[in-house]
Amino acid sequence: MYTPTQFREERMEVLAKLMRTHPLAALVTVGEQGLAASHIPLVHDPNPEPFGTLRGHVARMNPQWRDLSPNVQALAIFAGPEHYISPSWYPSKAEHGKVVPTWNYAVVHAYGRLSVKFDHAWLRRNVEELTEANEQRSAHPWRVEDAPAEYIDRMLHEIVGVEIVIDRLEGKWKVSQNRGAADRTGVVASLQTLGTPEAVEMARLVEDGGAK
């Protein structure tokens, strides 16, 4: 991923937080049929250090898990906050007009060898971890145990586990760090005026200075 220095994020706690709060990843692999991609939620386990492990599952009918080149790393892409940035939000537009639109975003790329898991206990544990992580904000969290046991067992036979021990992590927080202080203030004010959850979240990242 092309990442100019001012946009580079390397703090493990920041990268882990984005993977945790935006768990739906694009899982990209290479096989004999070429590139394949699936969009699946992944759980990040901090072990082993320094980068940890990603775990999830795909449908057994999904051909991606059958077509993997053993010597090529898989890539999991986690997309965080993003928003269009209008040049009209920059005070410098009125000064010289030399401004153009852009897009702000925060992303994490995780690379590593992908292994496939068929073990029933592994699959159930992964489903439970995914459920617990995403039900915790609910007033009445659903649990795997709430469904009939035979139904869960049948569903587990329909999926295949995937695990990536992360070899490399890249983080890119492109949140107006390349603009002057006045332009950044203009971006924050305009985003806050829009008032959407996406705009407010991006305004916070711009205000905090992103990676730096």
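The values are calculated or read from the model by the stated rules, or taken from the named source; none is laboratory data. Note that the structure is predicted; figures quoted are calculated from it, not measured. With ideal geometry, Cβ positions are generated from the backbone for all residues, glycine too; neighbour counts draw on all protein chains shown.
In the set 135, 198, 129, only one residue is surrounded by fewer than 17 Cβ atoms within 10 Å (Cβ to Cβ) and in contact with a His (Cβ under 8 Å, 6 or more places away or on another chain); that residue is 198. If you go through the stretch 88-100 and keep only what is surrounded by fewer than 15 Cβ atoms within 10 Å (Cβ to Cβ) and under 17 Å from residue 194 (Cα atoms), you end up with just 88. Scanning the stretch 196-211 for residues that are out of contact with any Ser or Thr (no Cβ under 6 Å at 6 or more places or on another chain) and in a helix (DSSP H, G or I) yields a total of 11. Within the stretch 99-139, the set of residues being in a strand (DSSP E or B), among the charged types (D, E, K, R) and in contact with a strand residue (DSSP E or B) (Cβ under 6 Å, 6 or more places away or on another chain) comprises 117 only. Among residues of the stretch 101-126 being free of Cβ contacts under 8 Å to residues at least 40 places away in the same chain and in contact with a helix residue (DSSP H, G or I) (Cβ under 7 Å, 6 or more places away or on another chain), the one that is surrounded by the fewest Cβ atoms within 10 Å (Cβ to Cβ) is 101. Of the strands (runs of 3 or more DSSP E) contained entirely in the stretch 2-86, those carrying at least 1 residues that are small (Gly, Ala, Ser) fall at 24-31, 34-41, 53-59, 74-85. Would you check if residue 159 is more than 23 Å from residue 50 (Cβ to Cβ) and of a type in the set (Val, Ile, Thr)? Taking the combined requirement at face value, the residue satisfies it.
Considering only residues in the stretch 77-132 that are hydroxyl-bearing (Ser, Thr, Tyr) and more than 18 Å from the chain's Cα centre (by Cα), the one that is modelled with the lowest pLDDT turns out to be 92. Evaluated against (1) more than 23 Å from residue 14 (Cα to Cα); (2) assigned to a strand (DSSP E or B); (3) out of contact with any His (no Cβ under 9 Å at 6 or more places or on another chain); (4) not aromatic (Phe, Trp, Tyr), residue 162 falls short on exactly one condition, (3). Residues of the stretch 89-98 that are without any contact (Cβ under 8 Å) to a residue 24 or more places away in the chain and part of a helix (DSSP H, G or I): 93, 94, 95, 96. Test residue 163 against the criterion of being in contact with a helix residue (DSSP H, G or I) (Cβ under 8 Å, 6 or more places away or on another chain) and modelled with pLDDT of 95 or more, and give yes or no. Answer is no for this residue. Among residues of the stretch 173-195 being polar (S, T, N, Q) and not in a loop (DSSP other than H, G, I, E, B), the one that is surrounded by the fewest Cβ atoms within 10 Å (Cβ to Cβ) is 193.
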